[in-house]
1. Just name the residue that is nearest to ASP32 (Cα to Cα) out of those in the stretch 141-196 that are outside any helix (DSSP H, G or I) and not acidic (Asp, Glu).
2. Take the stretch 161-196 and flag every residue that is exposed (fewer than 14 other Cβ atoms within 10 Å of the Cβ) and either in contact with a helix residue (DSSP H, G or I) (Cβ under 7 Å, 6 or more places away or on another chain) or of a type in the set (D, E, K, R) (or both).
3. Would you be able to say whether some residue in the stretch 86-100 is modelled with pLDDT under 95 and not aliphatic (A, V, I, L, M)?
4. What are the residues in the stretch 36-50 that are assigned to a helix (DSSP H, G or I) and surrounded by fewer than 17 Cβ atoms within 10 Å (Cβ to Cβ), if any?
5. I need every pair where a residue in the stretch 132-150 that is at pLDDT below 95 and surrounded by 15 or more Cβ atoms within 10 Å (Cβ to Cβ) has its Cβ under 8 Å from the Cβ of a residue that is β-branched (Val, Ile, Thr) and part of a helix (DSSP H, G or I), sequence separation at least 6 or different chains.
6. May I ask you to list the residues in the stretch 1-35 that are among the acidic types (Asp, Glu), over 17 Å from ALA130 (Cβ atoms) and either touching a residue at least 12 places away in the same chain (Cβ under 8 Å) or not in a loop (DSSP other than H, G, I, E, B) (or both)?
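The values are calculated or read from the model by the stated rules, or taken from the named source; none is laboratory data. In this text, all values refer to a predicted model and were calculated from it rather than measured experimentally. Methodologically, a virtual Cβ is constructed for each residue, glycine included, from the backbone with ideal geometry; neighbour enumeration extends over all protein chains shown.
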Amino acid sequence: MLKLFKLKRKINKLYKAKNDNRDEWADYLFTDHIYLVAKIAKKFSKKYNANKKLVIASALLHDIADAVMPRENIAYEEKSYEIAKDFLTASGFSEKEIEIIVNDALRYHSCHNGEIPKTIEGKILATADAYAHLISNFYENRIIEFARRDSLQKAKEWALLKIDRDLYNKILFDKIKEEAKPRYEFLKNYINDLKS
């Protein structure tokens with residue numbers, strides 16, 4: 001657990017540095033999202049017999065580039081992997097552990113274009129991230145921020161696509177999908193009912 005302690009210190013320091021170029025919602029992610037995903041991932045790692053240390057490390061790092069740049073930046077994904085590798089190496093993780101965390105869990109946790117993680121740790125990260133989006137105030141916060149930058153209509157379109165992807169593409173365990181379905185239905189109705 002010393003590795004995780006060192007990793008958490010590095011992550012906390014990076015977010016608390018409040019880099020001028022960070023994503024505008026990096027503070028929200030730090031305080032309300034990444035540790036929630038880690039808590040959920042830890043619970044799921046026990047349920048599905050995964051390596052708890054790798055699952056928690058993946059969860060803590062899954063949005064790490066937000067601390068230094070906006071997601072729209074074309075270098076965002078590569079910067080995420082670079083920071084993750086640096087932090088994991090400095091915290092004492094092995095090359096094999098880094099491979100699982102960076103090249104499977106982090107790389108595929110968004111489940112874009114039908115690409116899903118291959119390892120149980122990666123599948124748990126994808127599931128925990130989506131589950132956290134659904135059970136927290138993630139959608140409410142993102143819609144407000146998105147609407148402020150663009151329009152409520154575009155925010156709703158984004159949210160409706162994302163909420164479907166969260167439930168149907170990212171939650172990779174049927175039992176958890178069923179648990180999340182009532183909250184998904186509530187949020188979908190909430191989003192559809194929003195008016196300017």
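1. We begin by selecting, within the stretch 141-196, every residue outside any helix (DSSP H, G or I); these are 150-151, 171-173, 194-196.
After this cut, where a residue has to be not acidic (Asp, Glu) as well, the list is 151, 171-173, 194-196.
Details: SER151: 24, ILE171: 20, LEU172: 23, PHE173: 24, LEU194: 23, LYS195: 26, SER196: 26 Å.
Only one residue tops the list, namely ILE171.
2. Those that are exposed (fewer than 14 other Cβ atoms within 10 Å of the Cβ) and either in contact with a helix residue (DSSP H, G or I) (Cβ under 7 Å, 6 or more places away or on another chain) or of a type in the set (D, E, K, R) (or both): ASP164, ASP174, LYS175, GLU178, LYS181, GLU185, ASP193, LYS195, SER196.
3. First, the residues of the stretch 86-100 that are modelled with pLDDT under 95: none.
Within the stretch 86-100 (the criterion being modelled with pLDDT under 95 and not aliphatic (A, V, I, L, M)), the answer is no, since none of the residues qualifies.
4. Once the filter is applied, which keeps residues that are assigned to a helix (DSSP H, G or I) and surrounded by fewer than 17 Cβ atoms within 10 Å (Cβ to Cβ), the stretch 36-50 yields LYS39, LYS43, LYS46, LYS47.
5. Correct list of pairs: TYR139/ILE163; TYR139/ILE191; ILE143/ILE191.
6. Taking the stretch 1-35 as the starting set, the residues that turn out to be among the acidic types (Asp, Glu) are 20, 23-24, 27, 32.
With the extra rule that they be over 17 Å from ALA130 (Cβ atoms), the set shrinks to 20, 23-24, 27.
ASP23, GLU24, ASP27, listed by residue number.
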